[in-house]
1. Run GLN44 past the list (1) out of contact with any Ser or Thr (no Cβ under 6 Å at 6 or more places or on another chain); (2) in contact (Cβ under 8 Å) with a residue 40 or more places away in the chain; (3) under 16 Å from LYS143 (Cβ atoms); (4) crowded, with 20+ Cβ neighbours inside 10 Å and report the number of the one that doesn't hold.
2. Any residue in region 64-89 that is over 20 Å from GLY138 (Cα atoms) sitting within a Cβ distance under 6 Å of a residue that is acidic (Asp, Glu)? List the pairs, counting only those 6 or more apart or interchain.
3. Answer with yes or no whether ASP190 is among the charged types (D, E, K, R) and within 13 Å of the chain's Cα centre (by Cα).
4. Going by the conditions given, is PHE72 over 23 Å from LEU197 (Cα atoms) and not hydroxyl-bearing (Ser, Thr, Tyr)?
5. Hey, could you check region 260-276 for residues that are crowded, with 23+ Cβ neighbours inside 10 Å and among the small types (Gly, Ala, Ser) and say which is farthest from ARG243 (Cα to Cα)?
6. Scanning for something touching a Leu at 6+ places or on another chain (Cβ under 7 Å) and part of a loop (DSSP other than H, G, I, E, B), does region 233-241 turn up at least one residue?
7. Of (1) touching a Lys or Arg at 6+ places or on another chain (Cβ under 8 Å); (2) modelled with pLDDT of 95 or more; (3) under 27 Å from MET88 (Cβ atoms), GLY184 satisfies all except one. Which?
8. Can we say ALA226 is of a type outside the set (Phe, Trp, Tyr) and either farther than 30 Å from SER290 by Cα or not assigned by TED's automatic domain parsing to the domain that holds GLY108 (or both)?
Amino acid sequence: MNISEKVVGLSAFRPAAWVRVTGEDALDFLQSQVTQDLRILKAQGVAYGLWLSQKGRVLADSLFFKASDHEFFILSYRCPSSFFVERMESYIVADDVVVQDLSLQCEGMTAWGETAIDRVLEASGFSEHSEKFHPWQGGFLFKGRRGANAHLEWIGEKLPHLLDWAAGPTIDAECVERERILSGLPSVPDDIGPGELPNEGGLEDSAISYVKGCYLGQETMARLKAMGQIRRKLMRVVGDGVRPPRGPRPLYQGDKRVGELRSTASLPTGGYVGFALVMLLGFEPARGFSLEPAASETLRVLQT
């Protein structure tokens with residue numbers, strides 16, 4: 001089953017975290033905390049990375065905006081700013097690092113589709129092919145991490161004419177969530193969280209550097225790369241009927257529990273899509289899933 005949807009218009013968001021990190025040791029300090037190699041970022045570069053436990057479990061994810069070696073901004077769509085502030089402050093000893101939570105004084109907007117994006121590019125002078133962020137109207141323009149459909153995001157202090165960015169309808173949160181799932185982008189911590197490894201969510205290629213120096217969780221990541229073995233895998237699924245209530249729900253094949261349904265989003269044509277964390281041992285790929293033991297199989301792996 002191949003599902004696709006063209007998203008066109010505007011969607012507003014308030015990030016769970018927007019944190020500024022400054023100081024002479026800002027780069028070295030962040031480099032020791034996260035999975036991504038921030039040293040290779042040039043000024044105004046943007047990178048995606050993870051914050052792990054010492055055992056390599058996923059505690060949070062974020063985008064990193066490098067203003068300079070001494071100033072970074074951290075954006076997370078779902079992980080709260082309190083995590084980043086507490087995590088960093090607990091590891092600051094003699095480092096010249098200052099952490100500032102800006103989450104309550106910022107908002108964001110996403111422009112979806114060519115018409116909306118073209119208007120933003122024309123107004124801002126930003127290049128759609130740039131991998132950097134672009135300072136504009138008191139905030140940053142950047143390529144978001146929302147889905148496969150073309151989109152451009154802004155984050156910063158409130159703009160009085162933000163809705164004048166572009167033409168098009170307002171895109172609701174359900175549509176944005178559906179786009180993310182259909183694009184195969186796990187949400188942290190909804191799909192991959194403190195009980196999971198990055199590799200179980202397929203995040204090793206986009207979020208982890210295997211050539212950087214030491215960071216929390218590095219030993220587990222190196223061992224996984226060497227052995228290449230995981231017990232569970234995050235898969236996209238499509239289900240019949242009404243989307244079940246939010247929250248992890250057990251998935252079964254016959255009487256056997258084989259996984260857990262994580263985030264979901266309704267489809268305009270009926271049914272829903274979601275992510276399922278599936279135990280690979282004993283899982284039968286040709287079969288579907290049920291939400292109750294020995295019940296009818298109403299979900300199946302989404303084939304691309």
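1. (4)
2. The qualifying pairs are SER81/ASP101; VAL85/ASP101.
3. The answer is yes for ASP190.
4. The answer is yes for PHE72.
5. ALA276
6. No, every residue in region 233-241 fails to be touching a Leu at 6+ places or on another chain (Cβ under 7 Å) and part of a loop (DSSP other than H, G, I, E, B).
7. Evaluating GLY184 over (1) touching a Lys or Arg at 6+ places or on another chain (Cβ under 8 Å); (2) modelled with pLDDT of 95 or more; (3) under 27 Å from MET88 (Cβ atoms) leaves (3) as the failure.
8. Numbers: of a type outside the set (Phe, Trp, Tyr): yes; either farther than 30 Å from SER290 by Cα or not assigned by TED's automatic domain parsing to the domain that holds GLY108 (or both): yes.
Yes.
The values are calculated or read from the model by the stated rules, or taken from the named source; none is laboratory data. Model, not experiment: these values are computed from the prediction. Cβ sites come from the backbone with ideal geometry, for glycine too, and all protein chains shown count toward neighbours.
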